[in-house]
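The values are calculated or read from the model by the stated rules, or taken from the named source; none is laboratory data. It should be emphasised that the depicted structure is a prediction, and the values quoted were computed from it without experimental measurement. Note that we place each Cβ from the backbone using ideal geometry, even for glycine, and neighbour counts take in every protein chain shown.
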Amino acid sequence: VTPTSLRTIAVTVNGKSYTRVVEPRLSLADFLRDELGLVGTHLGCEHGVCGACTVLLDGQTTRSCLLFAVQADGHEVTTVEGLARPRAGAATTDDLAAALELHPVQQAFWDHHGLQCGFCTPGMLISAVELLKENPDPTEEEIRVGISGNLCMCTGYMNIVKAVQSAGRVLRGEPPLPPGPVAEH
Amino acid sequence: MVDVKEAPAERHYTGGWVRRREDPRFLTGLGGYMDDIKVAGALHMAFVRSPHSHARIVRIDTSRAASLPGVEGVLTGEEMARVTNPVRVRVAVQAEPEAYCMAYGKVRFVGEPVVAIAAVSRAVAEDACDLVEVEYEPLPPVVDAEAAMEPDAPLVFDELGTNVLWRQKFPYGDVAGAFAAADRIVRERLTIHRYASTPLETWGCIADFDRGTGMLTLWAHAQIPGMALGAISHYLRLSPAQMRFIHPPTGGGFGNKERSAYAAVAALLSKQIGRPVRFTEDRRESLTALVASCDGIMEVEAAVQADGTILGMRIFNVEDEGCSIEFATIHGLVMLANLANCYRTPAIEFETASVLTNKTPAGANRGVGKPFMCFAIERTVDRIAQELGLDRVTVRQRNFIQPDQFPYETPSGDMYDSGDYPRTLRQALEQIGYEDLLRHQAAARAEGRWVGIGIANAVEPSSTNFAYSRLINDRAALTGAGEAARARVEWDGTVTITTGATDTGQGHETAIAQIVADEMGIPMEHVRVSPTFDSAIAPWLPVSGNFANKFSGTDTGAILGAARKVKAKLLELAAESFEVAPDDLKIRDGYISVKGSPTQRKRIAEVSGPAYWTLAGRPAGFEPGVEAIHYYNHPLANLPDAQGKIRAQMNFANAAHVALVEIDRETYEIHVQRYLVVHDCGKLINPMIVAGQVHGATVHGIAAALLEEFVYGEDGQFLTSSFMDYLKPTAADMPVIETGHLETPSPFTPLGTKGAGEGGSIPAPACIAGAVEDALAPLGIKITSLPITPTRLRDLVRGATK
């Protein structure tokens, strides 16, 4: 790589501004992971199918594996690390759940077992956040279509659908769905 | 029958719907997966892979690649072969081919690593791969297992003189008598394809060879880390004492995450260069060269009476192992575990062959061989019903092993522990409203629609007994089943558990904390379970790890064993200070108290702390600390008897699946409209986790039947190297998985549990096939081959209506 081919970019990620010098061929996903250390964004296929690398770019879901970091220059990115907020007064605890106020979608995935290995989870959460923003009260069918850009190899999607339903209720100001079996007779 | 059968007095957590403690990490991007691990100064490895399915390597020129700035090391297969030992078959067969961790002399499948390059970044390593020149002399490939068995077939390994690596006949019971007594012989030929559950995280490793100490620290994915450690130390000619194997939290496994050869290549580069070397497969590499299930062919003959009673079966099974050396024979051997499925079949002859072809090496995938065996048996049972003019439910009920027959020994020696198969099916039919479905189907058929109902029953075996190796080689060292765990009561009262039982997303951290907390009488929050396996910290065996559904039936033995040992030590220490006998004490809510005198109590830390800090003046023989290791040897893992009977697996969950499908007459798309699973995996440690396993495994099985297939051209070219070609199910593709639950405890396991992880993947392909065939029954179409894609269905329909 010759120095002249490097580019300087400024990107806001989870509300924080970063300026970095990068190779033009560096993907946004690799930029987030390797340059910024935000390893919550996962790479499952690097060809735009699996959705594990999904982030919000100016509020819209984007495959960070299919975007170059230089294309994010001047834009705002939200990754899974940007969903939860530090809980006031709890900064010193080593209990993650106590230290962070999880986003309602994160909380619902936890309460309803919407994850197993966790590898698809960051992308799935980001897609669910966008889905519920655009359609606060989706039907089950709309949820299934809405998350169909994210592959999960573990859950069979059943509990993810329920988690999104429950998160939707919370975001609408309704009580969450109770934990327990889904579609069990 | 087990050595840890004493039940804890009270169970607060076990059996409860307990949220997973590991989830907040995963939900906030702190999963700590392989690629998240930072190792200073690490180089990145990339492979030059074979574009040919079969070719002689004439010349390799790496000079341009080696001189690219940023390249630190280049390794060819030939160089590797000079300094490493060859790859061994895990279950030793009579004649072993000569193969190494990378291609040497010949390439034998598309994607086989030929040259490895380590460079300052993955991008530079890939740039360098493009500069490697390899001259190949293409050879005729063999990509079909039956063609590979022909005497004049091209040879995958010339030195073997055949592509049939292993072929053996297992006669169990009076098969000839059964066939002589039969009213009818029902025959079917069935085939299954190659597929894999494709964990979303691809395989990876980081190898750091310390030339000063001669120690290799290896972070690597492996389903069976101890065996991977054994393989890698063998390749690299290291003592196991020179290896530290670390298995971090993992983004899914399903049996696929085994690439010991790659880890050895990275380790050798690290040793040569003197820097850590890391590698993460990209998806194309993973799909091209991961371990998938074998594709296979099965010929089944069933000897039946006119009333549908099955007297005996003859099964000839061909497993296409691809170019697999390491995992060859395993599919055929594991199939012994569900050879009889849920039926009383008294005599079975099973002949199986492992055949090498110029395709990706096969290996374990969720269920290993058992989905195919279940598919073959269940399709045959449906065929028996059709040919005898009986209802398929009737034929199943007539042949089921009955609840009062447990423990039930199958012809091949498997000991089914418990279950109620007739009730499982009855409940499934009731829950789905079978009569309503039949009416719906009749009405739809009257309108010319293709609507079908599928039914499949399955045993879902767990905990593999590697002594099946002795069926092939009576001196095989690898036998049995076991696991190891360490419990340490820290001086603050926290109990730390480390174990060789690795986790790939099944929630072991939570499940282990549940059972340890109950066993010891302490709050769950006082139990810490290491999410990372580290061979230098955790006790382990070569048979440790995450495979064969073994957590419920094997790992629990190790974990409870270790917990009981430290509990006994705590009580012994407390007994001294209370001046009572240990039996007079109990632990509850984290307090040790004198029975019947609840005010006389101490916190656990008050007892464990002095065992670490206050050592002087203790009586002779006092052993400081409160720590114990338990190596659990599975008591049911036997050796084969003189007739070749063996418990290939040791616990048997069971299930009934029912599906309703409708096929679009225009597009041949198969819509799964209802899917119900009634399952019985004994006692549950955490019903929430089990439900997730049932959903996930079932969807794996449905997708295997309808969507997923690794396709090779006639030239052995690999045609499905992306998720655009290898179709994974999305949420929009899959049905709601309805479930029903039965609970017949296993008398053979410490907690009455049975494996739950593979279950759904075993009967689902059979169930879907049955439903599609039923939908097309008016056309007389038989579904004997998987997967069932719209294109194949169209061809079948056109063939039938010509």
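One table, with the values for the structure above:
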{"item": "Exclusive hit being at pLDDT 95 or above, closer than 22 Å to B:THR496 by Cα, in contact with a helix residue (DSSP H, G or I) (Cβ under 9 Å, 6 or more places away or on another chain) and of a type outside the set (A, V, I, L, M), set B:PRO624, B:PRO542", "result": "B:PRO624"}
{"item": "Residue within the range A:87-110 that is at the interface with chain B (Cβ under 7 Å from one of its Cβ atoms), under 23 Å from B:LEU727 (Cβ atoms) and surrounded by 22 or more Cβ atoms within 10 Å (Cβ to Cβ) present", "result": "no"}
{"item": "Subset of the range B:620-662 (residues that are of a type in the set (Phe, Trp, Tyr) and without any contact (Cβ under 8 Å) to a residue 24 or more places away in the chain)", "result": "B:PHE622"}
{"item": "Subset of the range B:225-242 that is surrounded by 24 or more Cβ atoms within 10 Å (Cβ to Cβ) and within 16 Å of the chain's Cα centre (by Cα) - its residue that is nearest to B:GLU319 (Cα to Cα)", "result": "B:ALA228"}
{"item": "Residues that are within 22 Å of the chain's Cα centre (by Cα) and hydroxyl-bearing (Ser, Thr, Tyr), drawn from the range B:750-802", "result": "B:THR753, B:SER761"}
{"item": "Pairs, first facing chain B (nearest Cβ under 7 Å) in the range A:115-127, second of a type in the set (D, E, K, R), C-beta under 7 Å, six or more apart", "result": "A:LEU115/B:ASP23; A:PHE119/B:GLU201"}
{"item": "Top-ranked residue of the range B:294-325 - restricted to ones that are at pLDDT 95 or above and among the polar types (S, T, N, Q), ranked as surrounded by the most Cβ atoms within 10 Å (Cβ to Cβ)", "result": "B:ASN317"}
{"item": "Residues located in the range B:264-288, provided they are over 15 Å from B:VAL74 (Cα atoms) and more than 10 Å from chain A (Cβ to nearest Cβ)", "result": "B:GLU281, B:GLU285, B:THR288"}
{"item": "Residue that is assigned to a helix (DSSP H, G or I), in contact (Cβ under 8 Å) with a residue 60 or more places away in the chain and closer than 30 Å to B:GLY111 by Cβ, where the choices are B:GLY696, B:GLY716", "result": "B:GLY696"}
{"item": "Per-region count, the range B:708-749, residues farther than 30 Å from B:CYS323 by Cβ, under 22 Å from the mean Cα position of the chain (by Cα) and more than 10 Å from chain A (Cβ to nearest Cβ)", "result": "3"}
{"item": "Residue that is farthest from the other protein chains (Cβ to nearest Cβ) [pool: residues in the range A:74-86 that are over 26 Å from B:TRP203 (Cα atoms) and in contact (Cβ under 8 Å) with a residue 60 or more places away in the chain]", "result": "A:GLY74"}
{"item": "Selected residue [modelled with pLDDT under 95 and either crowded, with 24+ Cβ neighbours inside 10 Å or of a type in the set (Phe, Trp, Tyr) (or both)] from B:ALA328, B:ALA267, B:ALA362", "result": "B:ALA328"}
{"item": "Hits in the range B:230-281 - residues which are without any contact (Cβ under 8 Å) to a residue 60 or more places away in the chain, in a loop (DSSP other than H, G, I, E, B) and small (Gly, Ala, Ser)", "result": "B:SER239"}
{"item": "Residues that are more than 13 Å from chain A (Cβ to nearest Cβ) and surrounded by 22 or more Cβ atoms within 10 Å (Cβ to Cβ), drawn from the range B:245-259", "result": "B:PHE245, B:HIS247, B:GLU258, B:ARG259"}
{"item": "Only one of B:VAL355, B:VAL334, B:VAL368 that is of a type in the set (A, V, I, L, M) and over 18 Å from the mean Cα position of the chain (by Cα)", "result": "B:VAL355"}
{"item": "Subset tally (residues that are over 24 Å from B:GLU285 (Cα atoms), within 12 Å of chain B (Cβ to nearest Cβ) and in contact (Cβ under 8 Å) with a residue 12 or more places away in the chain) for the range A:36-62", "result": "3"}
{"item": "Count - residues of the range A:12-34 that are in a helix (DSSP H, G or I) and within 12 Å of another protein chain (Cβ to nearest Cβ)", "result": "5"}
{"item": "Residues of the range A:48-66 classified as of a type outside the set (A, V, I, L, M) and either assigned to a helix (DSSP H, G or I) or out of contact with any Leu (no Cβ under 8 Å at 6 or more places or on another chain) (or both), total", "result": "6"}
{"item": "Residue that is within 15 Å of the chain's Cα centre (by Cα), hydroxyl-bearing (Ser, Thr, Tyr) and over 26 Å from B:SER721 (Cβ atoms), where the choices are A:THR79, A:THR41", "result": "A:THR79"}
{"item": "Total residues in the range B:515-528, condition in a helix (DSSP H, G or I) and either surrounded by fewer than 24 Cβ atoms within 10 Å (Cβ to Cβ) or aliphatic (A, V, I, L, M) (or both)", "result": "7"}
{"item": "Among residues of the range A:129-143, those that are within 12 Å of chain B (Cβ to nearest Cβ) and either touching a residue at least 40 places away in the same chain (Cβ under 8 Å) or within 17 Å of the chain's Cα centre (by Cα) (or both), counted", "result": "2"}
{"item": "Residues of the range A:151-165 satisfying the condition of being facing chain B (nearest Cβ under 8 Å) and either on the phi > 0 side of the Ramachandran plot or not β-branched (Val, Ile, Thr) (or both)", "result": "A:LEU151, A:CYS152, A:MET153, A:CYS154, A:GLY156, A:TYR157, A:MET158, A:ASN159"}
{"item": "Residue in the range B:653-667 that is closer than 23 Å to B:PRO750 by Cβ and of a type in the set (Ser, Thr, Tyr) present", "result": "no"}
{"item": "Set B:ARG82, B:ARG11, B:ARG59, B:ARG64: member being away from chain A (no Cβ under 14 Å), without any contact (Cβ under 8 Å) to a residue 12 or more places away in the chain, among the basic types (Lys, Arg) and surrounded by fewer than 20 Cβ atoms within 10 Å (Cβ to Cβ)", "result": "B:ARG82"}
{"item": "Filter result for B:GLU525 (of a type in the set (Asp, Glu), within 14 Å of chain A (Cβ to nearest Cβ) and either without any contact (Cβ under 8 Å) to a residue 24 or more places away in the chain or touching a helix residue (DSSP H, G or I) at 6+ places or on another chain (Cβ under 6 Å) (or both))", "result": "yes"}
{"item": "Among the residues listed as B:LEU615, B:LEU639, the single one being in a loop (DSSP other than H, G, I, E, B) and exposed (fewer than 13 other Cβ atoms within 10 Å of the Cβ)", "result": "B:LEU615"}
{"item": "Test: B:ALA769 is more than 14 Å from chain A (Cβ to nearest Cβ) and either over 15 Å from B:ASN654 (Cβ atoms) or outside any loop (DSSP other than H, G, I, E, B) (or both)", "result": "yes"}
